[in-house]
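Note sheet for the following structure.
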Amino acid sequence: MRMHDREDRTARSRRDMLIGGGALLAGALAPAALAHGARAAVKPSSPRIIKTLTFLTRKPGATHAEFMRYWLDVHAPMALRVPGMRGMICNEVTMASTSSARLPGGPSVPIDGIAESWKEETSSLQNPDAPAAARAWYADGPAFVGSIIGYRVEESVFVTPPRGGTGLIALLKRKPEQSHAEFVDHWLNVHGPMAQQVPEVTGLILNEVTSQAERHDIPPLTGFGTIDGIAQSFRDDMDAPPSPERERWYADGKASIGEAIGYRTREHVIIQPN
């Protein structure tokens, strides 16, 4: 068996184990939740869900492989015990990609991974009453992360992607003459819907940046500057020649987006978002 085949099989096994663990936790909680719902005269309001995209580098002296092993084998499984964790994907960065949409490339900022999480606001780091499992999960970050920057976002899904494959994550900046509101208006109402007509696109999620998520226990990752949106795009063949529809989509992006900092990624699904 070739080494990379063995590694791929190990990665799939680990991913399946983690997804299965999340399903078992959900199944264990479901009967009690249903029983409580049947007794309640008034259904409680749904908790607010926060999506965060967090960009990570490894600690000085560590290799990318060591970073990934700790992230996937130690840190990520801790998310299964966090109450209110609705989704968790570890995006391994495989290469920088600054010209995928023919946009002006931004600064080169080397990173190792991008954490994508959906959680109830009660489990947020900013909540002083966060559950103990959430606090333990956050406290483990400095063990393997060298620098970090996170963004709270509002996501808009234009093409639902299959999760667990490869994709492109791009941090986007508006043009100098635009306001953030003008950028978002065109991005969500014109550019995003255009992707639904592009045959190669198998997934597109546009995330408007609403705030920066700060931490004081890990050095900040610098170099990105002000970010207006984060795009997640998926295609079966990321290097295939573009169709006429994709050419038109790219042309609209070039006309409406000021700068892009992109990364090719491989997804490791820890908790399937729903």
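The values are calculated or read from the model by the stated rules, or taken from the named source; none is laboratory data. Note that the structure is predicted; figures quoted are calculated from it, not measured. Cβ atoms come from the backbone with ideal geometry, glycine included; neighbour counts cover every protein chain shown. Just the protein is used for accessible areas: all its heavy atoms, side chains included, with ligands, DNA and RNA removed. Shrake-Rupley method; radii C 1.70, N 1.55, O 1.52, S 1.80 Å.
In this label model, Arg248 and Glu121 are separated by 4.1 nm, measuring between points 7 Å along each Cα→Cβ vector. Under 25 Å from the Cα of Lys254, which lysines turn up, not counting those fewer than eight places away in the same chain? In chain and number order, the partners are Lys173, Lys175.
Per residue, the solvent-accessible area of segment 88-241 (1.4 Å probe, heavy atoms of protein chains only, all protein chains present) comes to 44 Å². Stokes-Einstein, applied to the Kirkwood radius of segment 120-229 over Cα pairs at a viscosity of 1.002 mPa s and 20 °C, places its translational diffusion at 130 µm² s⁻¹. Using θ = phi - 60° in the Karplus curve 6.51 cos²θ - 1.76 cosθ + 1.60, the 3J(HN,Hα) couplings for segment 199-209 round to x, 6, 6, 9, x, 8, 10, 10, 10, 6, 6 Hz; x is entered for Gly and Pro. Describe numerically, in nm with one decimal, the distance between label points set 7 Å from Cα along Cα→Cβ at Asp140 and at Val159. Between Asp140 and Val159, the label points sit 3.5 nm apart. Couplings 3J(HN,Hα) of segment 214-223, computed from phi: 9, 10, 10, 9, 9, x, x, 7, 10, x Hz, in residue order, whole Hz [Karplus 6.51 cos²θ - 1.76 cosθ + 1.60, θ = phi - 60°; x for Gly and Pro]. Near Asp112, the amide H atoms lying under 5 Å from its own belong to Leu56, Thr57, Arg58; only residues 5 or more places off or on other chains count, and H is placed 1.01 Å from N.
Cross-link partners of Lys119 among aspartates and glutamates, defined as those whose alpha carbon lies under 19 angstrom from its own and excluding same-chain residues fewer than eight positions apart: Asp129, Asp140, Glu154, Glu155, Glu208, Glu214, Glu267. Expressed as a whole percent, the accessible surface of segment 173-242 that belongs to carbon and sulfur atoms is 50, based on a 1.4 Å probe.
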